[in-house]
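**Q** Have a look at this one before I ask anything.
Laboratory data are not the source of any read-out in this text; all were calculated from the coordinates shown. Only a predicted model underlies this, so the values are computations on that prediction, with no experimental measurement involved. Neighbour counts run over all protein chains shown; Cβ positions are idealised from the backbone, glycine included.
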Amino acid sequence: MKFNKVAVGGTFDRFHKGHEKLLNEAFNIGHEVLIGVTSDEFGGKKGNIDPCSERMSGLDHFLQKYGQRYIVKKLEEPYGPTIHDPSIEAIVVSRETKPTADKINEIRVSKGMKPLEIFIIDWVLAEDGKAISSTRIRKGEINREGKVLKK
């Protein structure tokens, strides 16, 4: 493990293979993983998502295999503790959320903090070659494993 504390954040709606890849990467590089889950108020900006409590419990099942190596926190805004906690050393993001990680580093540097090392994971593709996403799952196009449900 390269880092003591690694951050990862998201809505984690309709927990799927892409979320698993993001979290596995965070655990591969970090001893402790700080997982930010968007609150109902903040996450609700994305549209019709499950309540935060359901999304957090969806994470619990997956995270059990990692023992006590993680902390789950509710996110009320895009940056969470990453702009306040100097003990966080790295962040794992998907390609579409890299601009947020860049902004976090701008804020950290402006506060005299060390920038986070950024790790970008690629999308996990469904069997139709398109990215697995919570939106596609919600629409009934694919399941959480990426199997196509309707054409």
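**Q** Does at least one position in segment 93-109 carry a residue that is outside any helix (DSSP H, G or I) and exposed (fewer than 13 other Cβ atoms within 10 Å of the Cβ)?
**A** No, segment 93-109 has no match at all.
**Q** What number goes with the only condition from (1) in contact with a helix residue (DSSP H, G or I) (Cβ under 7 Å, 6 or more places away or on another chain); (2) within 25 Å of residue 27 (Cα to Cα); (3) not small (Gly, Ala, Ser) that residue 142 does not pass?
**A** Against the list (1) in contact with a helix residue (DSSP H, G or I) (Cβ under 7 Å, 6 or more places away or on another chain); (2) within 25 Å of residue 27 (Cα to Cα); (3) not small (Gly, Ala, Ser), residue 142 comes up short only on (2).
**Q** So, one more: Are any residues in segment 110-133 buried (at least 16 other Cβ atoms within 10 Å of the Cβ) and touching a residue at least 60 places away in the same chain (Cβ under 8 Å), and if so, which ones?
**A** 116, 119, 121, 124, 131, 132, 133, listed by residue number.
**Q** Do we have any residue at all in segment 46-56 that's crowded, with 17+ Cβ neighbours inside 10 Å, acidic (Asp, Glu) and in contact (Cβ under 8 Å) with a residue 60 or more places away in the chain?
**A** no
**Q** For segment 64-92, what are the residues that are surrounded by fewer than 17 Cβ atoms within 10 Å (Cβ to Cβ) and in a helix (DSSP H, G or I)?
**A** 64, 65, 66, 81, listed by residue number.
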